[in-house]
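Before any comments, here is the structure.
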Amino acid sequence: MRTVYLNGDYVPENEARISIFDRGFLFADGVYEVTTVVDGKLIGFDGHIERLQRSLKELDYTYKVEREKFLTIHRELVSRNSLDQGMIYLQITRGNPDDRDFEFPPIDTPVTIVLFTQKKQVVGTATEVKGLSVISIDDLRWGRRDIKTVQLLYPSLAKMEAKTRGADDAWLMQDGFVTEGTSNNAYIVKDGKIITRDLSKDILHGITRKSVLACARLLQMEVEERPFTIEEAYTADEAFSTSASGFTNPVVTIDGNKIGSGTPGPVGDKLRALYLEENMKAAV
Ligand code: PMP
């Protein structure tokens, strides 16, 4: 059984209790982060903490995230759960007023803070060798996808639609252009150039995206940050996605169309290798 963190205490997972009035439960009024653990160390920790603070601020939370406090909690959970590879999930909600109300509770209402570990093989996966098949599907999410909120119902439905249609994941589409994957950023490669949607409120500003693009520049690869159509993706030489726990993963078919040779491409493979090398060196 896991030890989890809830509002200052480390408790067995089956003893962690939250109010039915919690705004995370009633309004999806909460934000989250997922930090990957490799060899018991945290990858991209500072990026996750910065984005967490930004998400909170964008939603008018006054809570201030203390880096050292959260680093201690993360490390404690890694240690108490003997986590070698996997993730730490962190969620902060606007807490529990004593009733349901659309208006925010008083400013002094304590936030709810939950963290737990998830064991998962993240290095040397079957996916990095085999690649992913994706389908395209309308992006019906709200207009502030740059905030990492726990409103994940639509991405979850999109993922299920992909599974039902025999694929691994979905790329979401707005006005004919790809925004991102259900839980990852999306990229294509054409004539050696890496193309990925530019940062805006339309997509999550991936921590992995930032690091992978920095790796691409280190490797003197050309990067173009702009929206691309799904038709452009069908005829790309290569496609891949990025996320904290997936690093880079090759996308080998889109809507049944083979991308390039239909096998993982060299650009994604090189970026994955350098991303891991750089981020393992900097892991805390
Ligand atoms: N886009 C969405 C919608 C996501 O849920 C995620 C995963 N959190 C990402 C992109 C990738 O972000 P990161 O690299 O920070 O995990």
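The values are calculated or read from the model by the stated rules, or taken from the named source; none is laboratory data. Just so it is clear, the structure is predicted and the values come from calculations on it, not from any experiment. As a convention, Cβ positions derive from the backbone with ideal geometry for all residues, glycine included, and neighbour counts pool all protein chains shown.
Quick notes
- Sub-6 Å Cβ pairs linking a first residue in segment 48-68 that is aromatic (Phe, Trp, Tyr) to a second residue that is part of a helix (DSSP H, G or I) and surrounded by 15 or more Cβ atoms within 10 Å (Cβ to Cβ), at least 6 apart or interchain, are 63/56, ordered by first then second residue.
- Restricting segment 236-266 to residues that are without any contact (Cβ under 8 Å) to a residue 40 or more places away in the chain and among the polar types (S, T, N, Q), the residue that is farthest from residue 173 (Cα to Cα): 261
- Residue check for residue 135: in contact (Cβ under 8 Å) with a residue 24 or more places away in the chain, assigned to a loop (DSSP other than H, G, I, E, B) and not assigned by TED's automatic domain parsing to the domain that holds residue 13: no
Table: residues versus (1) touching a strand residue (DSSP E or B) at 6+ places or on another chain (Cβ under 9 Å); (2) within 16 Å of the ligand (Cβ to nearest atom); (3) touching a residue at least 24 places away in the same chain (Cβ under 8 Å); (4) of a type in the set (Gly, Ala, Ser).
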position	(1), (2), (3), (4)
145	yes, yes, yes, no
165	yes, no, yes, no
168	yes, yes, yes, no
216	yes, yes, yes, yes
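- Single residue of 201, 258 found to be surrounded by fewer than 20 Cβ atoms within 10 Å (Cβ to Cβ) and within 13 Å of residue 131 (Cβ to Cβ): 258
- Residue selected from segment 111-130 under the condition part of a loop (DSSP other than H, G, I, E, B) and over 25 Å from residue 205 (Cβ atoms), by the criterion modelled with the highest pLDDT: 121
- Set side by side, the residues 159, 120 differ, and just one is among the charged types (D, E, K, R), touching a residue at least 60 places away in the same chain (Cβ under 8 Å) and within 15 Å of the ligand (Cβ to nearest atom), which is 120.
- When 196, 208, 179, 164 are checked against the criterion of being assigned by TED's automatic domain parsing to the domain that holds residue 272, at pLDDT 95 or above and surrounded by fewer than 20 Cβ atoms within 10 Å (Cβ to Cβ), a single residue qualifies: 164.
- For residue 236, the conditions (1) away from the ligand (no atom under 15 Å from the Cβ); (2) in contact with a His (Cβ under 6 Å, 6 or more places away or on another chain) are fulfilled apart from (2).
- Those helices (runs of 4 or more DSSP H) of segment 1-110 in which 2 or more residues are within 18 Å of the chain's Cα centre (by Cα), within 16 Å of the ligand (Cβ to nearest atom) and not assigned by TED's automatic domain parsing to the domain that holds residue 201 occupy 45-58.
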